[in-house]
Each structure stands twice: as C-alpha cells, then as structure tokens.
1. Taking the range 315-330, which residues are within 16 Å of the ligand (Cβ to nearest atom) and open to solvent by 30 Å² or more (accessible area, probe 1.4 Å)?
2. Among the residues of the range 132-186, which ones are touching an Asp or Glu at 6+ places or on another chain (Cβ under 6 Å) and aliphatic (A, V, I, L, M)?
3. For residue 52, are the conditions met, namely being open to solvent by less than 30 Å² (accessible area, probe 1.4 Å), touching a residue at least 24 places away in the same chain (Cβ under 8 Å), within 13 Å of the ligand (Cβ to nearest atom) and on the phi > 0 side of the Ramachandran plot?
4. Just to verify a result, which residue in the range 245-266, among those that are within 9 Å of the ligand (Cβ to nearest atom) and at pLDDT 90 or above, is farthest from residue 157 (Cα to Cα)?
5. Cβ-Cβ distance below 6 Å, separation of 6 or more or different chains: which pairs start in the range 16-45 with a residue that is assigned by TED's automatic domain parsing to the domain that holds residue 86 and over 17 Å from residue 139 (Cβ atoms) and end on one that is in a loop (DSSP other than H, G, I, E, B) and open to solvent by 80 Å² or more (accessible area, probe 1.4 Å)?
6. Could you tell me whether any residue of the range 102-116 is of a type in the set (S, T, N, Q), over 18 Å from residue 290 (Cβ atoms) and within 14 Å of the ligand (Cβ to nearest atom)?
7. Would you please name the residue that is modelled with the highest pLDDT, looking only at residues in the range 267-295 that are near the ligand (Cβ under 8 Å from one of its atoms) and outside any strand (DSSP E or B)?
8. Only helices (runs of 4 or more DSSP H) wholly contained in the range 167-245 count here; list those with 3 or more residues that are assigned by TED's automatic domain parsing to the domain that holds residue 51 and under 27 Å from residue 148 (Cβ atoms).
Amino acid sequence: MITKQKGCHDIYGVEAKRWKYVDKLIDSLMEKYNYSYMRTPLFEASELFHRGIGEASDIVTKETYDFTDRGDRAITLRPEGTAGIVRSYIENKMYGDPIQPVKVYYNGTMYRYERPQSGRDRELTQFGVEVLGCEDAVIDAEVISLAVNFYRLLGLTNVKVQINSLGDEESRKNYRNVLIEYFRPHIDELCEDCKMRFEKNPLRILDCKVDADKPLLKNAPKTIAHLNEVSKKRFEEVLEYLDLLKIDYEVNPNIVRGLDYYQHTVFEFTADIPGMGSQSALGAGGRYNGLVHQLGGPETAGIGFGIGIGRTLLALEKAEIKLPVEEEIDAFILYINDEEKKYATYLAQELRLNGFSVDMEYQNRNLKGQFRQAERLNAKFLLILNSEDLDNNELKIKDARSKEEEIISMDALIYYLDEKLAMDEYISSEEDLEESDCHCHGTCHHDHEHECHSGHNCSCHHHEEN
Ligand code: HAM
C-alpha cells in the first residue's frame, strides 16, 4: 500500500466540513473588512525566499522543499505567503493601483520540512492577510484585531495577543550592535547554529530553540529598551488603537520572530488551551517595511499575519468547541421501478437547477433502504414517486420533521418546497432565539451583553451555543 507522506493529511468527511466552515468564515469576514482574495503560485524561484525570508532564518536553512526543475531552475515550494505576495505586488506594479493601501488575503497550502507532530505539519494551510502601502499605526491595530475577531467568531475567546516592537531600521541597527557586544564574550556557550547566526543575524539567536532556556538568552538585552523615540512613539500608538478596539494584549519583549523581514510591530497569537503544548502559536505576523524595496520594488510599508488553520482546528478540538457543521439537504427522491427512476433523474436535475439541494436513490434499493438513506442525509422532504401518481402529474411528499404526507400536483412542487423551506427556516431561527434568548437572528457575535441592531438586549455567542 502506498501511504501519504509524513506531516501530510487526507481531509474528508466531517473533518472536511470543519475546514469548509472555516474557509467560508474567512471569506465572509474578509468581505466585511474589505480585503481582496489573492492567489500566488505554490512554487517560486528559490532566490525569492532566500532574499525575502533571510539566509539565516531556520525556514530557509532547514525547512524548505527545494528542487531543480527540468529546465535547471532552482525552485522552492512556498514555506509561507508573504514573500510571494510581495513578489507579485512588485511584478504587477500594484503600488500604482488607484486604491491604496492594497489589502489582500490568502488561504492556501505551504510546505515546510519540519519534524512532524500534532499541529506541526510538512504540508500546512495558512490564512493570511497583507496590507501594502500604509505606514499608519491604525493598520497595525486593524490587522491584529481582525485576527482576534476571526478567533472569536470560531468561539476561541482565550487566544492571547503577544506583541513587541523591533523598531525602525535605526533602532534595529543599534540593537544589533548591542546584541553583538552582549554575545561576543559568550560565543563558545552558543550552539553551532547560533555561532553562524552571530555572524549573519544575531537577532535570530533569541529565537533559538536549542539555547532557549539558557540564562544567557533569557537575560539578553530587550528590543523595547533600545527603540529610538520615533519607534517608541509609534509602538505606543499601536497599543492605543488596540485599547480603543478593546483587544487585550501582552507586551512580550522576547518576541523577535523567526523571519528576517520584520520591523516595528511583531506579534503572536497563542492559545491558552491545555493540551496544545508547543504548538500553541496559532498565528503570527508583523510589519515588514523594508521588504518590498529589498525585493526590487519601491519603498513601501507592509504588514500582515499568517494563521495556521490546522492548528486553529486543533485548538477548537482541545477546547471542545464544536463548529456548526451538521448538514441537511432540501429533498431526497425515492422510487420503486425503472420508469419512476427515470422520472426521478429528470426531477432531481430540475430541482437542483431551481436552487434546491437534492439527492436521490441511485441503485434501486428497497424502499426501507431508501428511507434510511434519506434519514442519513438529513433530507427535509422526501419525494416519493410512484407510477400511478406520475400518470396524474402528481407526487407524494413527506415532511421529515412533522411526518405529514400529502399528494400534490407536480406543477406546484417548486412553489410548495419554496414555501415550506422558508417556513422551516423561520421556525428554526425562532427556536434558536428561544434557546439563546437572542434577538439578533444569528447576525452578531458578541460574547457579552449588548444592545444588538434589532434593538433588543442580547447576550449571545452563537458558536458557543452550538
Ligand atoms: P510563521 O510564524 O512562520 O509566519 O507562521 C504563521 C503560522 O503558521 C504559525 O503561527 C502557525 O500557526 C502556522 N504554522 C507554521 N508552521 C507550521 C507547521 N509546520 N505546521 C502547522 N502550522 C504551521 C509566517 O509564515 C509569516 N508569513 C506571517 C506573516 C504574514 N508575517 C507578515 N505577514
């Protein structure tokens, strides 16, 4: 048997429904924030990641899937989304677009050659946003709050925002010198990788997983203490906007991030959920003002984040939060003989093209088996065909919920289903209302009592209800 590669997953059944649910949520949230969907290739010239992410970063030195194609080109499967988006931004001259800043999002597959374990995969999916062409602190706060609201909508209310600032170019240079002076007398105490990092990018030493617990690293100088006035003021502004948006955060001076392109604001989203272990980083990001220029474009500000979808779903599982993924279909068509089967085939297409979700019996099982199938598929209505009714241009329809049956004219079927399904929707929203004492009909997602747009007091969090 040929099996899948380590660190990869087959996603199907209920699990696939959970992924789809998250995909839809991302699309609808991004529409509200007015970010446009963007898709870049899964593979790029290796040079892009070397220049973009940084030669000394763990991702580039140890984790990329590199290969030479048949035309002898050095190719890399993308390990993250930012470098590709920035490449495309420059190549397509998006800095000249009339609408600025350019706000985009992506939701796609990335590849990293890591040691696989739960929540750490070789093929992973990231939902990310990038905003190019705006330096204002308000965008830093929008990007961070957007991610927090994404987690909240999923029901994950205990995601912590840890934030830090690396400062501007000048602050980073100062800090780099401070770090070099600090580590120089202790080079021998560092791991082999860190010795290399000391030469290429001493900031990376602070991210080292091997040396992490050594007092030498713990007591290392902190970025915040070496920010120049402009950077300090900017960081304070970001925090003020976060306060305004009621986003809780913790300033963590140890966050320096493993990719070379960051300046100013950097942040991580961590799940405070038992069982997540070392995979509690659900997402991360930061500002990368120098990257567009470094990759050959004009000086352009940039900021974004990447959120691991697999890890986010794992966090939901550990926190025992169920997503509302139960699926129903509008109708299931049953029949007994071949003539009826032909009519069923025609009718299924007619109804589908009229907007109903419909399934049918395909393999002439007995009626008992067909009823069971309809039940498994959660069909709301059963359309039971028999030749006699069909001759009269009629059919039997059974409401799966009330168990009521009636014979109706074939000509009235679409109207009948429309009416009944609209009523069904109304009843179930009323039931939800009773259960949650909520008057917003599922359109708001506050987790505290407030006056919602229907004018009533509402204390709901729909996903928790589910
Ligand atoms: P990153 O911290 O390398 O940042 O990855 C972001 C998130 O992707 C992580 O927090 C984690 O949830 C998920 N992730 C990363 N590696 C794995 C893995 N092997 N298995 C499962 N999930 C993983 C970036 O990628 C930046 N491009 C973020 C960014 C966007 N910065 C600015 N814009």
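The values are calculated or read from the model by the stated rules, or taken from the named source; none is laboratory data. Everything quoted here is computed from the prediction, not taken from an experiment. Because the Cβ atoms are built from the backbone with ideal geometry, glycine has one as well, and the counts that use them run over all protein chains shown. Accessible surface is based on the protein model in full, side chains and every heavy atom, while ligands, DNA and RNA are left aside. Shrake-Rupley method; radii C 1.70, N 1.55, O 1.52, S 1.80 Å.
1. Those that are within 16 Å of the ligand (Cβ to nearest atom) and open to solvent by 30 Å² or more (accessible area, probe 1.4 Å): 317, 318, 319.
2. 137 - this is the single residue of the range 132-186 that is touching an Asp or Glu at 6+ places or on another chain (Cβ under 6 Å) and aliphatic (A, V, I, L, M).
3. Judged against the criteria, residue 52 is not a match.
4. The extreme case among them is 262.
5. Between residues of the range 16-45 that are assigned by TED's automatic domain parsing to the domain that holds residue 86 and over 17 Å from residue 139 (Cβ atoms) and residues that are in a loop (DSSP other than H, G, I, E, B) and open to solvent by 80 Å² or more (accessible area, probe 1.4 Å), there is no close pair.
6. For the range 102-116, residues of a type in the set (S, T, N, Q), over 18 Å from residue 290 (Cβ atoms) and within 14 Å of the ligand (Cβ to nearest atom): present.
7. 288
8. On the way: elements: 169-183, 192-200, 215-218, 229-244.
The qualifying helices (runs of 4 or more DSSP H) are 229-244.
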